[in-house]
Amino acid sequence: MASVGSKGQSIISRVWTQIKPKIEVFSKYAKEELTPPTVGDISAIRQSLNEIIKNAKNGCFKNLTVREAWLNTLVTMEVCFWFYVGECIGKRHLVGYKV
């Protein structure tokens, strides 16, 4: 019985040594990405949106490279998908609302 306990403890320690770096990386990014926006972030978002509107009026989007246009498309799709996932979570159904 003692050998089973020591084997279990060694397995747990090996798994922990493999998982620990991944947990540290995850927590580092989670602290940065999952925090709510601060006042400084909100003003930066406002400035960015104003610049996007100004560029749309000037036609600067015509001067984008294919790579920049593709990245902008992917970001827009990501926002739409997250909106859809949030709606599904909120209504607790994939399709329609329970009335």
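Computed values, structure above
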{"quantity": "Condition check for Ser43: on the phi < 0 side of the Ramachandran plot and at pLDDT 90 or above", "calculated": "yes"}
{"quantity": "First in the range 30-48 and without any contact (Cβ under 8 Å) to a residue 24 or more places away in the chain, second anywhere and open to solvent by less than 80 Å² (accessible area, probe 1.4 Å) and part of a helix (DSSP H, G or I), Cβ under 7 Å, 6 or more apart", "calculated": "none"}
{"quantity": "Qualifying positions in the range 25-54 - surrounded by fewer than 10 Cβ atoms within 10 Å (Cβ to Cβ) and of a type in the set (Asp, Glu)", "calculated": "Glu32, Glu33"}
{"quantity": "Number of positions in the range 59-97 that are at pLDDT below 90, among the polar types (S, T, N, Q) and surrounded by 10 or more Cβ atoms within 10 Å (Cβ to Cβ)", "calculated": "1"}
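The values are calculated or read from the model by the stated rules, or taken from the named source; none is laboratory data. What you see is a predicted model, and the numbers here were worked out from it, not measured in a lab. Neighbour counts are summed over all protein chains in view; Cβ atoms, including those assigned to glycine, are modelled from backbone coordinates with ideal geometry. With ligands, DNA and RNA removed, areas are computed over all heavy atoms of the protein, side chains included. Shrake-Rupley method; radii C 1.70, N 1.55, O 1.52, S 1.80 Å.
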